[in-house]
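For reference, the structure discussed in these notes is given below.
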Amino acid sequence: MKVVDALKDSRFVVTRLTPSQVGALGVIGILGEEAGLILNAHFEAYSKSSIQTLDIGSLVAGDWHHTIVMNQSVSDSAEGTVPQRQEKSECVVLVKTGTETWEIHVHGGQAVTKSLLKTFVLAGAAEIPWNEWFACNGSNYRNNVIRDQLARVDGFYAAQILTRQLSGYFQRDIKQIQQLICKSGKSQDNLKKAQAVINRLEQSARVGMRLAEPWQVILLGPVNAGKSSLLNALAGYARSIVSPHAGTTRDVLATRVVLNGWAVDLTDTAGFHPVSDFQQLAPSIEKEGIERAMEAARSADLILNVRALNDPQKDEVSLGSGGEGGPPSLEVGTKADLSDSKQSIGKSISAGLIVTSAHTGEGLDELVKLIIETLIPEAREPTDYFLGGVPITSEDLDVVKELHKKIEIYSRDL
Ligand SMILES: Nc1nc2c(ncn2[C@@H]2O[C@H](COP(=O)(O)OP(=O)(O)OP(=O)(O)O)[C@@H](O)[C@H]2O)c(=O)[nH]1
Ligand SMILES: [Mg+2]
C-alpha cells in the first residue's frame, strides 16, 4: 500500500526502518497528524518537556510506557480472573524529522520494536514496508535505489561505496566538475582537475553498476581434483560434498562468500573425465552435470581451473579459459600436502599455478588475493576509485557521459 493510500484509509502510517533481525538499534518511523496523540499517551521525556515544543530535527530521550495485559486466556476469564494490566517502560529516543513525521529509536531487540509497532497499529496506523516509506517520504529515486541495494549487498566494500553515495559523494563530484568547467577564466589547471574526477568516475562505474550482483567464480577441473574441498576451505565450512570417489559432485552448486571484503558466488561443478571416458558416458546425470558446468562457466566472471598436483595431466574434456572473449582464468594446483605432490610443486609454480592445500590451508590467502585482483583490478592498492563518487544507476552514467562531452568541448576551446 502506498503511503498516500494508507493515509487516506487510516489516520497515520508506521514502519520499521531497521532490518527485522536483532541489531544494536531498532528505528520506527511514524507519519501522520494523529501520531502526536499516541506519542503523548506513551512517551514521557526525562526533561518533562512537551513533545509539542520540539523543533524539526531535534531529539529527546525518555521513557516509552507499554501496557502489557496479563491473565488474558479464555479459561482464566471463565474462572472469573480479572485481566491485569502491567506497565513496563523502555528507554527510547524520539526524533522529530518533519512537521508530521517522527522516528523512535529503541534498543535492537525484536520484542520492543514489535510491541511499539503493535501499539501504533492498534491505534489505527497502517504498517507499510520501509522502502515504501522512503519512496513516498521526500527521498529521491537514486537514494531509494541505494537504500534498496544496501539492504541486499554482502561485503564491506559494496556497503561502504553505497553509504558514501547516500551521503552525496557522487553529486559532490559532479558539482565540482561543473564548477571547474563553468568558470569564465578557462585554464589548463581546471581542465586537468576536471579530467581527473571524470576519469575516476568512469573507472569506478564498472563496479558501481553491479554492486548488488556478486562476482561469479566457477571451479572447473577433472574428477577428484579437490574442487569441492577447495570451495569448502575458501568458504570456511562444508557446503559441497567431498568424497574420494570420482564424480561426487554432479551438478552446479553456488555458495556465497565474502573474500577480502567483496561478495563472491563460488560455484562448484561436476568434474571432467578423460575425453575417452566422457564419450563413453551414456546420457547420464553425470554427463548432464558436466554440460551444465560448461554453460555456467561461459557466463562466469572468473574460472578457477583446478588440478591435483599429484595427478599427471591427462587429456580431459575441459573448457580451459573460456575461449576468446570468455572469462579470465586462474590455474590452481591442489593437495600440496601430499608427499607425491612434492616433486611437481616447483615446476607448477614456475608454470604459474597457484599451489594450495585444502587440508593445511596452504596457498589459500594467495589464491583469494589473486581472485580479487583479477575480478576487480580497480581495487588494487593504491587506489582512490571507490573513495569518492561512484555511478550506481544508468542515469548516473548518462550524467557522467554528458559531462565527459562538455570537458572535451572545454579542452578544444582552450
Ligand atoms: N591430502 C589432501 N586431500 C585432498 C585435498 N583436497 C581434496 N582432497 C581429497 O581428494 C578427494 C576428492 O576431493 P573432492 O573435493 O571431492 O574432489 P572434487 O574435485 O570435488 O571431485 P568430483 O566432485 O568428483 O569432481 C577427497 O578424498 C578429498 O579428501 C587436499 O588439499 N589434500
Ligand atoms: Mg566435487
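Scanning segment 322-355 for residues that are at pLDDT 80 or above, more than 16 Å from ligand 2 (Cβ to nearest atom) and within 33 Å of the chain's Cα centre (by Cα) turns up G326, P327, P328, S329, L330, E331, G333, G352, L353, I354, V355.
For segment 1-94, which helices (runs of 4 or more DSSP H) that fit wholly inside it have 2 or more residues that are modelled with pLDDT of 90 or more? I'd like the intermediate steps shown before the answer.
Working: elements: 3-9, 35-42, 74-78.
In segment 1-94, 35-42 are the helices (runs of 4 or more DSSP H) which contain 2 or more residues that are modelled with pLDDT of 90 or more.
For S411, are the conditions met, namely being at pLDDT below 95, open to solvent by less than 20 Å² (accessible area, probe 1.4 Å) and of a type outside the set (D, E)? Against the criterion (at pLDDT below 95, open to solvent by less than 20 Å² (accessible area, probe 1.4 Å) and of a type outside the set (D, E)), S411 does not qualify.
So that you can scan it fast, the table gives a plain yes or no per residue for (1) in a helix (DSSP H, G or I); (2) within 14 Å of R200 (Cα to Cα); (3) modelled with pLDDT of 95 or more:
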residue	(1), (2), (3)
S357	no, no, yes
L367	yes, no, yes
L370	yes, no, yes
L387	no, yes, no
V390	no, yes, yes
L397	yes, yes, yes
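Kindly indicate whether R206 is more than 16 Å from ligand 2 (Cβ to nearest atom) and either of a type in the set (D, E) or more than 27 Å from I303 (Cβ to Cβ) (or both).
Details: more than 16 Å from ligand 2 (Cβ to nearest atom): yes; either of a type in the set (D, E) or more than 27 Å from I303 (Cβ to Cβ) (or both): no.
No; evaluated as a whole, the condition is false for this residue.
Of all the residues in segment 44-61, those that are open to solvent by less than 20 Å² (accessible area, probe 1.4 Å) and either within 32 Å of the chain's Cα centre (by Cα) or touching a residue at least 60 places away in the same chain (Cβ under 8 Å) (or both) number 0.
The values are calculated or read from the model by the stated rules, or taken from the named source; none is laboratory data. Source: prediction; values computed, not measured. Here Cβ is always computed from backbone atoms with ideal geometry, including for glycine, and neighbour counts include all displayed protein chains. Heavy atoms of the whole protein, side chains included, go into the accessibility calculation; ligands, DNA and RNA do not. Shrake-Rupley method; radii C 1.70, N 1.55, O 1.52, S 1.80 Å.
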